[in-house]
Amino acid sequence: MSKESKRREALLYHSKPTPGKIAVVPTKKYATQRDLSLAYSPGVAEPCLEIEKNPSNAYKYTTKGNLVAVISNGTAVLGLGNIGPLASKPVMEGKGLLFKIFADIDVFDIEVDTENIEEFIQTVKLISPTFGGINLEDIKAPEAFEIERRLKEELDIPVMHDDQHGTAIISAAALLNALEIINKKIENVKIVVSGAGAAAISCTRLYQTFGANAKNIVMLDSKGVIRSDRESLSSQKAEFATDRKIDTLDEAMIEADVFIGLSKADIVTPEMLKVMAKDPIVFAMANPNPEIPYQLAVDTRDDIIMATGRSDHPNQVNNVLGFPFIFRGALDVRATKINEEMKRAAVLALAKLAKEPVPEQVNVAYSETKLSFGKDYIIPKPFDPRLIAVVPPAVARAAMESGVAKKSITNWEAYEDELRARLGSDNKIVRLMHSRAKLDPKRVVFAEADELAVLKAAQIVYEEGIAEPILLGRKKVIEALMKEIEFDADVTIIDPKSDEEESRKDKYAELYWKQRKRRGITLLSAKKLLRERNYFAAMMVNVGDADALISGYSRSYPTVVKPILELIGLDKGVTRIATTNLLMTQRGPLFLSDTSININPDSKDLATIANMTATTVKMFGLEPVIAMISFSNFGSSKDPSANKVREAVLYLHKFYPNLMVDGELQTDFALNNEMLQERFPFSKLAGKKVNTLIFPNLDSANITYKLLKELNKAENIGPIMMGLKKPAHILQMDASVDEIVNMAAIAVIDAQKKQKREQLSNSLN
């Protein structure tokens, strides 16, 4: 994709379907006149009077306790510099989005049109009653230091300049763990800090609170080493000036134990790494490109512990590990500030979490058998679902112990449960899925690549590194569309009907004929069928010319299923295929089966579908909790439809006792924990959060998932095909580009899984 095309795509993302990235959503009923009279006049007067009596009641009756202001004057926006407050607004909205999806914190972004320190401070002070916390963002140094200091002193709500403290907290956790691995003491190590901006200074200060010796620290700015004999040093730089008679980074790196990079790309050379001490620690955190490329660094020193700000290498120092959870903890105890004790608590919580066993969901996301504490895993991954239940409690506890909390938490277990429940509004499944696919991309055939939406999806998966697309269809049409969307990559284009594919068609046809010659297929009819793209694509996967296929965008489901079943067939030990759809709901990810294949499955079929779905759920790193759905609850009806569900459950309980499954259950009982616990405490699902629904027939499953998708605008992934020998997935007709991209990622993960299974089988044989 050209630079101009990427520019247009970015602009389109921010402008459509609704300008911006955040919105205000009502949290109360508003359907009736009575509702509105309570929401506004006259009912609203009552909470107003209560707050007048006691200002702390604002936390009880308003959004204040879960509302953070992201405030900037646009003087230091990302790598764009001083672009002004209005131009900074997209970045502030983006920060608001991260607050919401990682910690369920609501945000108003505020852009202040002044570079005057006093005006900025007064503005924030005047609007502060609205908010429970203030996140300062993208304010240039040295003004940022003074603004934060003053606001922390003069306001009674938590204030943090994330550019200063975010990187400091995450990198400090990483540094403590790295030092532990190599058995060095922080007070003894020599540290080189490249950069003297807000982040670098905050990092260095925080390291000192953990024991780093000021005499062992050398800081550099654009002019070289910051020495005590340099004239016109700011107070911040003077704090870290060295008495050593050195001027350059080359000199500073000699026998250094630690390099902290918060400057610019490619300033560190292999030669510099070679003169560092034994077991060097290098945090090259310049974005988007680090001070030295990751691979070059690890190739230069095999004893190095390396971290960057990038997601495509181990040990990503990412601020999202910090700020959402720090504010979450501060808000939940109504902290008056974010102090050093709270920041230290966040550091220690992150450092400790990296040493604990990693959940399967995280291993799955990074395609690891088992991530474990070591040189390539010194800080938690941003996708780790444990973060929200670990960091906020640590921060909240530190706030209480240091005397800045206005509210106390006594039941910490209940608080952690409450925090976990907040994750339902952020389903990281899609990000996890794409991340996993990118680790080992596979060849995916797009059987309808002459359709614009399919081709656009193929372009995205190529540019994002999710898959290597193979484009099937009318070659001239594909090439014209590629030109139109500026898809200029060198990818394989195949027209099954073209003369140039004749030899391959003949080869495929002969293989197909040998498979089906006793089922009415002649060699001539095989040759005719192989001109049809779905037969051709399936055969490509069958013979290993591709790893997976995607089809179904423009054709009915049954017509696409037929060639896939004929050519690819069922997996070993599988008696039938089925599909599941994954919906991203407000309560979290929800799997629904069977949504596309089995019209009226019997009890054995339902048990098989449940088992296959459980395997698919585990593929996403989740533990399946399955409700077998009916119009009946536990024998309340003797109707044959309810009976078959009951029999399926009995079969599963007998032969798969470790599977968390129960029924028959009505859908509301399955999804409402409290109702289920109260009415049916004997159920295996009592006290559990159901994430999988198995429906009694195709009607109910298909109607339900499409209803949820359209009415609730739930993001849909699927139908995910289960039970095939090779990866092949069939789209719903007219699937969106995003849905096709997600299905391509599923196809890649499916191929990865089947390849690993095959390799394991071969090694055992």
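No lab work stands behind these numbers, since they all come straight from the coordinates. What you see is a predicted model, and the numbers here were worked out from it, not measured in a lab. Here Cβ is always computed from backbone atoms with ideal geometry, including for glycine, and neighbour counts include all displayed protein chains.
Pull up the DSSP beta bridges for region 260-387 and report the antiparallel fraction as a percent, rounded to 5.
Just about 10 percent of them are antiparallel.
Bin by bin, in steps of 5 Å, what percent of the Cα pairs in region 201-243 do you find, going until the bin that has the longest distance?
With 5 Å bins starting at 0, P(r) equals 5, 23, 36, 22, 11, 3, 0.
Taking the Cα centre of the chain as the origin and placing charges on Cβ (Lys, Arg +1; Asp, Glu -1), which of Ile338, His653, Ile139 is farthest toward the positive end of the dipole?
After comparing all options, I get His653.
What FRET efficiency comes out for Ala238 versus Gln295 if R0 is 30 angstrom and r is the Cβ-Cβ distance? Round to the nearest 0.05.
Efficiency at R0 = 30 Å is approximately 0.20.
Please order His161, His729, His313, His14 by the number of other Cβ within 10 Å, starting at the fewest. Display every interim value, and only then the final one.
Numbers: His161 26, His729 23, His313 18, His14 14.
Ranked by crowding around the Cβ, least crowded first: His14, His313, His729, His161.
For n ≥ 4 DSSP H runs only, could you compute -39500 (n - 2.57) per run for the chain, divide by its residues and tell me the 222 nm figure to the nearest 500? Could the numbers behind the result be given before it?
On the way: 31 runs with 348 residues, N = 765.
Dividing the helical sum by the residues of the chain leaves -14000 deg cm²/dmol.
Given labels modelled 7 Å from the Cα in the Cβ direction, how far is it in nm from Asn411 to Leu524?
Roughly 7.8 nm, to one decimal.
What nm value, rounded to one decimal, do you get for the distance between Leu760 and Ile181 when each label is placed 7 Å out toward the C-beta?
2.7 nm
Let me know the volume per residue of the alpha-carbon convex hull for region 451-596, in Å³.
153 Å³
Assuming R0 = 56 Å, can you tell me the calculated FRET efficiency for the pair Leu80 and Asp35, based on Cβ-Cβ distance, to the nearest 0.05?
In this case the efficiency is close to 0.80.
Could you work out the relative contact order of the chain, using alpha carbon pairs under 8 angstrom and six or more residues apart, expressed as a whole percent?
9 percent
Quick check on the chain: of the DSSP beta bridges with both residues there, what percent are antiparallel, nearest 5%?
25 percent
What number comes out for the charge environment of Gln316, summing +1 per Lys or Arg and -1 per Asp or Glu over other residues with Cβ under 9 Å away?
+1
What do you get for trypsin sites (Lys or Arg not before Pro) in region 544-607 restricted to DSSP loop and a cutoff of at most 11 other Cβ within 10 Å of the site's Cβ?
For trypsin sites (Lys or Arg not before Pro) across region 544-607 that sit outside H, G, I, E and B with at most 11 neighbouring Cβ atoms in 10 Å, the list reads Lys572.
Which peptide among 546-552, 352-358 comes first, and what is the full order, when sorted by highest mean count of other Cβ atoms within 10 Å?
546-552, 352-358
Would you compute the Debye intensity of region 53-198 from its alpha-carbon atoms alone, equal scatterers and no solvent, and pass along log10 I(q)/I(0) at q = 0.15, 0.18, 0.19 Å⁻¹ to two decimals?
-0.83, -1.06, -1.13
Among Val748, Ala351, Ala297, whose Cα sits farthest toward the positive end of the charge dipole of the chain (+1 at Cβ of Lys/Arg, -1 at Cβ of Asp/Glu, about the Cα centre)?
The one lying farthest along the dipole's positive direction is Val748.
How large is the Kirkwood hydrodynamic radius of region 456-531, counting all unique pairs of alpha carbons, in Å? Mind showing how you got there, number by number?
Working: mean 1/r = 0.0705 Å⁻¹.
Averaging 1/r across every pair of different Cα atoms and inverting gives 14.2 Å.
Quick check of the Kirkwood formula: for region 432-489, what is the inverse mean of 1/r over all pairs of different Cα atoms, in Å?
The answer is 11.5 Å.
State the extension gain, in nm to one decimal, for the chain segment bounded by Arg149 and Phe680, taking 0.36 nm per residue of separation less the distance between their alpha-carbons.
Between Arg149 and Phe680, full extension yields an extra 185.6 nm.
Below 10 angstrom from the Cβ of Leu151, what's the summed charge of the other residues (Lys, Arg +1; Asp, Glu -1)?
Overall, the nearby charge balance is +1.
Assuming a ≥ b ≥ c are the square roots of the Cα gyration tensor eigenvalues, decide whether region 578-723 counts as rounded (a/c under 1.5), prolate (otherwise, with a/b larger than b/c) or oblate.
rounded
Suppose R0 equals 41 Å. What FRET efficiency, 1/(1 + (r/R0)^6) with r the Cβ-Cβ distance, do Val24 and Val275 give to the nearest 0.05?
0.15
With 20 Å as the limit, write out which pairs from Lys456/Lys476; Lys264/Lys438; Lys355/Lys756; Lys355/Lys381; Lys684/Lys713 have Cα-Cα distances beyond it, or answer none.
Values: Lys456/Lys476 16 Å; Lys264/Lys438 27 Å; Lys355/Lys756 27 Å; Lys355/Lys381 12 Å; Lys684/Lys713 31 Å.
In this structure, Lys264/Lys438; Lys355/Lys756; Lys684/Lys713 lie more than 20 Å apart at Cα.
For each of Val737, Val225, count neighbouring Cβ atoms within 10 Å of the residue's Cβ, then give the residues from fewest to most.
Ordered by Cβ neighbours within 10 Å, fewest first: Val737, Val225.
Using Cβ contacts closer than 10 Å as the measure, can you line up Met433, Met285, Met733 from fewest to most?
In increasing order of surrounding Cβ atoms, one gets Met733, Met433, Met285.
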